[in-house]
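First comes the structure, then the notes that go with it.
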């Protein structure tokens, strides 16, 4: 909803609507920026050597347009890392992992992470990405973490208490990445990735009495 208040023009009529125009331009810029970041994560997840031209093509924009948003490749990669962390964070928040039994919450989380597969593959497919750029990201502390879910499950006897919650989290990420990669190679149908990751996770990380 616009808060624009029309100003009088010298001839007594209503002035032009710069604020409305600015809002529309801002909305367009925001959508274009999001499209570039999504394309960057998707393209770089599959080809770490992809060029700015490759990313611009995937985003369906010209390279000159891309340069208006990001000065160089490093600038774009940094922004894509932060944006991808945010996407994963929103996926985690949407899974409501602090609600309901831990096993059901974990299944919701796995489904959400699989949906964000391109972003996870971009973040975790190359360890250098995390090592070099994790400092760019400041997490939203209001979002329940995967580790907190795992610790809750361990306390309730659902997840294996014999290993650390952080290690189980690494296993979860690795399985999700492997599922994404298998779908990319045609070894798994995309609609079957979440179920496959869930089975693999539960067969290794869930205490036997907790399994349905």
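None of the figures in this text is laboratory data; all of them are computed from the coordinates on show. Predicted, not measured: the structure shown is a model, and the values here were computed from it. Ideal geometry is used to build each Cβ from the backbone, glycine not excepted, and the neighbour counts take in all protein chains shown.
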Where labels lie 7 Å past Cα in the beta-carbon direction, separation of residue 96 and residue 190 in nm: 2.7
Using a basic spin-label model with each label point 7 Å from the Cα along Cα→Cβ, how many nm lie between residue 207 and residue 145? 2.2
Describe numerically, in nm with one decimal, the distance between label points set 7 Å from Cα along Cα→Cβ at residue 72 and at residue 26. 3.1
D (Stokes-Einstein, µm²/s), Kirkwood Cα radius, region 18-210, 1.306 mPa s at 10 °C: 88
